[in-house]
1. Measure up Lys94/Lys209; Lys546/Lys620; Lys175/Lys551 against 28 Å on the Cα-Cα distance and list the ones that go over.
2. Let me have the relative contact order for the range 278-362, percent, based on Cα pairs under 8 Å that are six or more residues apart.
3. Can you tell me what percent of all Cα-Cα pairs in the range 448-604 are more than 29 Å apart?
4. Which value results when the Cα radius of gyration for the range 606-652 is divided by 2.2 N^0.38 Å?
5. Mind jotting down the distance between the C-alpha centroids of the range 544-595 and the range 467-535, whole Å?
6. Quick one: accessible surface of Tyr474, probe radius 1.4 Å, all protein chains present, in square angstrom to the nearest 10.
7. Need one word for the chain: rounded, prolate or oblate. Basis is the Cα gyration tensor (sqrt eigenvalues a ≥ b ≥ c); a/c below 1.5 gives rounded, then a/b vs b/c decides.
8. Just want the answer: with Cβ charges of +1 for Lys and Arg and -1 for Asp and Glu, which residue in Thr271, Thr637, Pro621 is farthest toward the dipole's positive end in the chain?
Amino acid sequence: MKQFLVILAFSLCLNLFSQSAFNSESYRVVLADIETNTFEKDTTAHALVIYEQGNSYVDPGDYDLRTEIKHKIKILNRDGFDKANIVIPLYNTKNRSEKVDQILATTYNKIDGKVIKTQLEEKDIFREKYNENYTLVKFTMPNIQPGSVITYSYKLRSPFMFKYKGWEFQDDIPKLYSEYKTSIPGNWHYHIKLVGYKKLDVETSDIKKTCLEHARGASADCAVSTYAMKDVPAFIEENHMTTKDNYLARIEYELQTFSGFDGTVNNYTKTWKDVDGELRSEPSIGKQLSKKLKPEDFFGASVINEPNNLKRAKAILKHVQENYTWNEEYSIFKKSNIKDLIEDKSGNVSSINILLHNLLKSCNINVSPVLVSTRKNGFPTKIYPVISDFNYLIVQAKIGGKTYLLDATDPYLSFGQIPFKCLNLYGRLLDFKNGSSWINIGPRKPSMSFIKTELNIDEAGNINGKARSRATGYHGLNKKKSCLGSPDAYVEKLQNKFVNLNIKNFETQTTENTSASFSSAFDFTLEEALVGDNLYINPFLFPFFKENPFKLQERTYPVDFGYKDGYFYNLRFTIDDAFEIVEIPKSALLKLADNGGLLNMSSNLLGNTVNITFKVDFKKPLYPAELYPYLKEFMNTVVDIQTNSLIVLKKK
């Protein structure tokens, strides 16, 4: 036992040494940086930031923003060579531009026992005009090899104090130490936002007196801050997430006010009250929402005179869905004109849903427009209004004490359902009389998949079955689009998915595009062969999951399904007397941490019939990163049961 503990302690020390051998405390390259060629904490990493630092401050002479940047990176293998390609973006307008100078870059290699340094030459630095607002300065580190250490530094000079330099603590490779220092004079007041789910390891702040001086004795103090993160894991995208911009650990600055030495104050950040006033008179939003429409120009008397508000609202939504086509444009602040939409029968998101809003309002339905940012567009900022954060518009309707979110751009959406891409936690409801407000975006009911299967085996070993399925919510939406649009292609896809089945007599009970669910049924024969005297059958003929979607060693951002999710599978297998049952799967019960989910597998034998019930519930649409290990293990069990369960029969 003592010997084992000594060995364990020695191995732990070796592991600790392998992580701490790199000099992550300074920009200086030491021999261990060059000689250490593994990173045990993330064996998949191709490169590693050992140390990086940024330092931003205002020049007391010309009031320009200066930023000094240093990076030290280890290239672990050839796949990390792309980290030797450096791009520095410079912002510019017609009259002013950012500048970069003092670019110093060096590659360190150990060759034949000697450390060789290769300097970047001035001739290998290039400039490229990217667009009217950005110029790119590019260079590639020289003499890159597996095991190289690269260092590069430069100084930025910017006349744009409204664009105070932000800092990214996280990237697609791990970082041992990332630090950002700032010095901000009291004249400039910024909203400072830390993005992502990783906490700062260092956060200090102090006041430096009289850091900025002006004529006639005027001066300003500076807020001097240091922010740092240690051992930052690589950000790797995985299933069930919104855009990575929501989660990358970084710090951002938005100029709120500037106070001149003469006492003048300029406000750069508006309030929602200001924005509401601007949107009210905006040609593509407020002006369009105020247009009055005559219901009789669009509907017959049966819709207009329908006494039930819910039925009337459903008929209006269906009319817009069936008669107007979304042109795939997301823009909501330009080219939104419902007059053009009515004439062309095609328009962008905003015009279609504003038309829906106005028609519902003309028929006495209580409605409000809601600004949304799609999942790929990122979360809209809540601290202060940034109207450019939004790229989508939907409609909220209140009917009979219930609230519904509506979208008419997709002819397959059911009433109260919005596109999956809009399930981005929250949106801004516009109310030009009482003021806008934040509302939660997300379905109240879970999306469910149900499959019930009956299976029979006769004396000769022929296996026949019937399958019936029903899908609700977003599961149903996807199946409706796939099947109702092209039934033959859907059946062919189904057959290709389950190659050991011969599918026949497929039929669907769903005919309406906007149905709240999708139901189908078919017969099939199962092709299985005896192995010796035994017949092995996986009871999960239609598995929900064939592999675990969660594979990361560590995930620093939440798992976002968008909605609560559930799956139910039932098999009733009747066995002929010519066979005896040797084995059936074991029952199982597993609960996800924090009451976040449930797996219930019930397997029993009654006479010559095997009954299996399998249920998986994800009770939350969003799981925080700290629950990821539990969710990953939960899914391992779900997949293992569906993949490796067996019913074993033996020929008598």
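1. As for pairs spanning more than 28 Å Cα to Cα, those are Lys94/Lys209.
2. On the way: 94 pairs, mean separation 30.3, N = 85.
Relative contact order comes out at 36 percent.
3. Across the range 448-604, Cα pairs with separations above 29 Å total 31 percent.
4. Numbers: Rg = 16.2 Å, N = 47, 2.2 N^0.38 = 9.5 Å.
The value comes to 1.71.
5. Taking the Cα centre of the range 544-595 as reference, the centre of the range 467-535 is 19 Å away.
6. Approximately 10 Å² for this residue.
7. Because a/c hits 1.5 or more and a/b fails to exceed b/c, the chain counts as oblate.
8. So the residue we want is Thr271.
The values are calculated or read from the model by the stated rules, or taken from the named source; none is laboratory data. None of the values given here were measured: they were computed from a predicted structure. FYI the Cβ positions are ideal-geometry reconstructions off the backbone, even for glycines, and counts take in every protein chain you see. For accessibility, only protein heavy atoms count, side chains too; no ligands or nucleic acids. Shrake-Rupley method; radii C 1.70, N 1.55, O 1.52, S 1.80 Å.
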